[in-house]
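Enquirer: Okay, here's the structure, questions in a sec.
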Amino acid sequence: MSKVPLTKQGAEKLRAELNDLKSVKRPAVIKAIAEAREHGDLKENAEYHAAREQQGFIEGRIKDIEGKLSHAQIIDVTTLNADGRVVFGATVDIYEEEEDVEHTYQIVGDDEADIKEGLISVSSPIARALIGKHEGDVATVETPKGLRHLEILEVRYI
């Protein structure tokens, strides 16, 4: 498996989720399974089946997070010397000419992406268009709405 790029904050979030799954949710579902077993016949016990399904989801998510963390390449953008370029982990203020609107995005790993929080995946078309550019440059990106021209207003490493 190849390295999975993560920001320092993204790795911390994954570790916190892993800790919650192992120390809170896993014991709770084990307890729920034990209580459902006490109700008798397991074939027609909906509570038991729901708890087992939840247990499967939790165990799968634990395995997924452990795999990602074991293959993570954690990048602390505050220690990079990117010389004003847009790189993985950078926060970029852009002006979108077609919509006459400004956006602020941080370029993060695929597992961290959340557009509502302004976190875009490094593999997204917008991030790919921005990477390597400097303040003042204009990146052109093909989107379902057509070509978009994104002027880079500021690049920060926070």
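The values are calculated or read from the model by the stated rules, or taken from the named source; none is laboratory data. As the structure is a computational prediction, the values presented were derived from the model and not from experiment. So basically every Cβ, Gly included, is an ideal-geometry build from the backbone, and we count neighbours across all protein chains shown.
Enquirer: What are the pairs with Cβ atoms under 7 angstrom where one residue, in segment 46-60, is β-branched (V, I, T) and the other, located anywhere, is surrounded by 13 or more Cβ atoms within 10 Å (Cβ to Cβ)? Sequence gap at least six, or different chains.
Expert: Going by the 7 Å Cβ cut-off, the qualifying pairs are I58/L21; I58/K25; I58/R26; I58/V29.
Results for (1) of a type in the set (A, V, I, L, M, F, W, C); (2) closer than 15 Å to V108 by Cα; (3) assigned by TED's automatic domain parsing to the domain that holds L130, shown as yes or no for each residue.
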position	(1), (2), (3)
G10	no, yes, no
N19	no, no, no
P27	no, no, no
G40	no, no, no
A46	yes, no, no
H49	no, no, no
Q54	no, no, no
I65	yes, no, no
D83	no, no, yes
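Enquirer: Condition first: of a type in the set (A, V, I, L, M, F, W, C) and over 29 Å from D114 (Cβ atoms). Can you find one or more residues in segment 35-43 that meet it?
Expert: yes
Enquirer: Could I ask something else about it? Since Y105 meets every condition but one in (1) surrounded by 14 or more Cβ atoms within 10 Å (Cβ to Cβ); (2) touching an Asp or Glu at 6+ places or on another chain (Cβ under 9 Å); (3) modelled with pLDDT under 95, which condition does it not meet?
Expert: Here Y105 clears every test but (3).
Enquirer: Here's a follow-up. Answer yes if at least one residue in segment 77-96 is within 27 Å of L21 (Cα to Cα) and buried (at least 17 other Cβ atoms within 10 Å of the Cβ), and no otherwise.
Expert: yes
Enquirer: Further question on the same structure: What are the pairs, 6+ residues apart or on separate chains, where a residue within segment 1-30 that is more than 14 Å from A72 (Cβ to Cβ) and assigned to a helix (DSSP H, G or I) has its Cβ under 8 Å from a residue that is among the hydrophobic types (A, V, I, L, M, F, W, C) and modelled with pLDDT under 95?
Expert: L21/I65; V29/A51
Enquirer: OK, next. Tell me, yes or no, whether segment 134-150 has at least one residue that is on the phi > 0 side of the Ramachandran plot, of a type outside the set (S, T, N, Q) and not assigned by TED's automatic domain parsing to the domain that holds Q9. Steps first, please.
Expert: Step one: of segment 134-150, the residues on the phi > 0 side of the Ramachandran plot are 136, 146.
Remaining after also requiring of a type outside the set (S, T, N, Q): 136, 146.
From what is left, the residues that are not assigned by TED's automatic domain parsing to the domain that holds Q9 are 136, 146.
Yes, segment 134-150 contains at least one residue that is on the phi > 0 side of the Ramachandran plot, of a type outside the set (S, T, N, Q) and not assigned by TED's automatic domain parsing to the domain that holds Q9.
Enquirer: V122: outside the structural domain of E12 (by TED's automatic domain parsing), surrounded by 15 or more Cβ atoms within 10 Å (Cβ to Cβ) and of a type outside the set (S, T, N, Q), yes or no?
Expert: On the way: outside the structural domain of E12 (by TED's automatic domain parsing): yes; surrounded by 15 or more Cβ atoms within 10 Å (Cβ to Cβ): yes; of a type outside the set (S, T, N, Q): yes.
Yes, satisfied.
Enquirer: Within segment 29-36, is even one residue charged (D, E, K, R), modelled with pLDDT of 90 or more and outside the structural domain of D111 (by TED's automatic domain parsing)? It would help to see each step written out before you state the result.
Expert: Of all residues in segment 29-36, those charged (D, E, K, R) come to 31, 35.
Still in the list and also modelled with pLDDT of 90 or more: 31.
Pick out the ones that are also outside the structural domain of D111 (by TED's automatic domain parsing) and you get 31.
Yes - at least one qualifying residue is present in segment 29-36.
Enquirer: When you go through I107, I65, I158, I74 one by one, which is the residue that is closer than 21 Å to K13 by Cα, of a type in the set (A, V, I, L, M), assigned to a strand (DSSP E or B) and in contact (Cβ under 8 Å) with a residue 40 or more places away in the chain? Show your work before the answer.
Expert: Values: I107 fails: in contact (Cβ under 8 Å) with a residue 40 or more places away in the chain; I65 fails: assigned to a strand (DSSP E or B); I158 fails: assigned to a strand (DSSP E or B).
Within the list I107, I65, I158, I74, the selection yields I74.
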